[in-house]
Amino acid sequence: MTRFKTTLGISITVLALLATTAFTFLGRAADGPRKIQVLLITGDDVGVHPWPVVSKAIKDMLVAGGRFEVRVCEDPGVLDSAASLARYDLVFLDFYNATTPTLSPAAKENLLNFVSGGKGFALCHLSSASFKEWPEFRKLCGRVWVMGSSGHGPRGVFKARIAQKDNPITQGLEDFEADDELYAKLQGDAPINVLVEADSEFSNKTEPLVFTLEYGKGRVFHETFGHDGKALENTTVQKLTQRGCEWAATGKVE
């Protein structure tokens with residue numbers, strides 16, 4: 001009888017462990033596919049750009065899309081560690097080093113290796129003006145804001161046009177009204193794929209507002225929207241950001 005009880009007790013314990021394992025597996029499966037891991041770097045900008053508000057808006061819109069997990073870091077020194085970067089699929093830069101020192105040589109190398117190795121990079125608004133002493137950053141961004149050359153007219157409502165309606169990032173989207181600064185005279189000559197454009201009274205030219213490019217085996221999504229939180233309330237801008245970040249991180253839009 002004692003042996004029977006012992007055997008029965010062991011059997012019940014084994015069954016309980018198997019049941020727990022099964023429920024754990026089913027729970028993980030119910031969570032869906034692995035989410036895209038995003039490192040959002042922020043923490044500095046010019047005074048007219050409320051970076052805490054903008055970075056929160058970016059995080060919220062990505063999380064709302066259901067495909068992303070976002071970690072916000074207010075220190076670009078996080079790029080010093082290649083091991084830390086390895087856990088992410090996308091680095092999103094909402095940052096202009098107005099008062100922060102530039103990146104270390106190791107951080108620059110790590111970021112370039114991260115993207116050229118097959119992962120994603122995204123940036124918005126004045127972020128492209130960062131690290132002006134770094135020529136390769138210009139190539140990574142495709143186009144950059146150059147102080148004294150680039151500019152914009154008064155912030156306000158303007159018509160933005162979808163330049164490529166058959167691109168996965170813009171599929172189904174229509175021309176829209178943006179409430180932001182219409183960036184103009186960005187500098188650079190790298191080949192870019194323009195997705196959204198607008199006619200600027202500041203430059204008297206058609207300016208690229210959202211575009212993509214490839215960098216090595218990786219992908220870059222660059223948008224000029226994001227002066228403040230209000231600018232990012234636009235539902236089309238949100239959809240473009242979600243899809244653009246998904247493409248940069250994975251190479252496709254589901």
* Structure fact -> Burial-style ranking of 161-167, 135-141, average other-beta-carbon count within 10 Å with highest first, yields 135-141, 161-167
* What is the log10 of I(q)/I(0) for the range 73-198, computed with the Debye formula using one identical point scatterer on each Cα and no solvent, at q = 0.11, 0.12, 0.16 Å⁻¹? -> -0.45, -0.54, -0.93
* Pop out the ³J(HN,Hα) list for the range 207-220 in order, Karplus 6.51 cos²θ - 1.76 cosθ + 1.60 with θ = phi - 60°, rounded to Hz; leave Gly and Pro as x. => 10, x, 10, 9, 8, 10, 7, 9, 9, x, 8, x, 9, 10
* **Ranked 147, 61, criterion: other C-beta atoms within 10 Å, fewest first** => 147, 61
* More than 17 Å apart - percent of Cα-Cα pairs taken over the range 38-106 -> 43 percent
* Asked: Going by a ≥ b ≥ c, the root eigenvalues of the Cα gyration tensor, does the range 193-250 fall in the rounded group (a/c under 1.5), the prolate group (a/b larger than b/c) or the oblate group?
  -> oblate
* Calculate for the chain the 222 nm mean residue ellipticity that helices alone would give, adding -39,500 (n - 2.57) per DSSP H run of length 4 or more and normalising by residue count, nearest 500 deg cm²/dmol. => -10500 deg cm²/dmol
* Output the DSSP H helices from the chain with an along-axis C-alpha extent of no less than 27 Å and a mean Kyte-Doolittle hydropathy no less than -0.5. => 2-30
* Asked: Based on Cα positions only, what radius of gyration and what Dmax would you give for the range 137-202, in angstroms?
  -> 13.1, 37
* Asked: Placing +1 at every Lys and Arg Cβ and -1 at every Asp and Glu Cβ, with all other atoms neutral, what dipole size does the chain have around its Cα centre, in debye to the nearest 20?
  -> 1240 debye
* Asked: In what order do 58, 36 fall by count of nearby beta-carbon atoms within 10 Å, going from fewest to most?
  -> 36, 58
* Asked: How would you classify the range 148-254 from its alpha-carbon gyration tensor, with a ≥ b ≥ c the square roots of the eigenvalues: rounded for a/c under 1.5, else prolate if a/b is greater than b/c, otherwise oblate?
  -> oblate
* Starting with the fewest neighbours, write out 133, 223, 201 ranked by other beta-carbon atoms found within 10 Å of each beta-carbon. => 133, 201, 223
* Structure fact -> Note on the chain: contact order normalised by length, alpha-carbon pairs under 8 Å, 6 or more apart, percent, works out to 19 percent
* Asked: Thinking of the chain as a set of Cα atoms, what percent of all their pairs are more than 21 Å apart?
  -> 60 percent
* To do: First select every other residue whose beta carbon is under 14 angstrom from the beta carbon of residue 156; then total the charges, Lys and Arg +1, Asp and Glu -1.
  => -4
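Throughout, read-outs are computed from the coordinates displayed, never taken from laboratory work. Quantities reported herein were computed from a predicted structural model and do not represent experimental measurements. Neighbour counts are summed over all protein chains in view; Cβ atoms, including those assigned to glycine, are modelled from backbone coordinates with ideal geometry.
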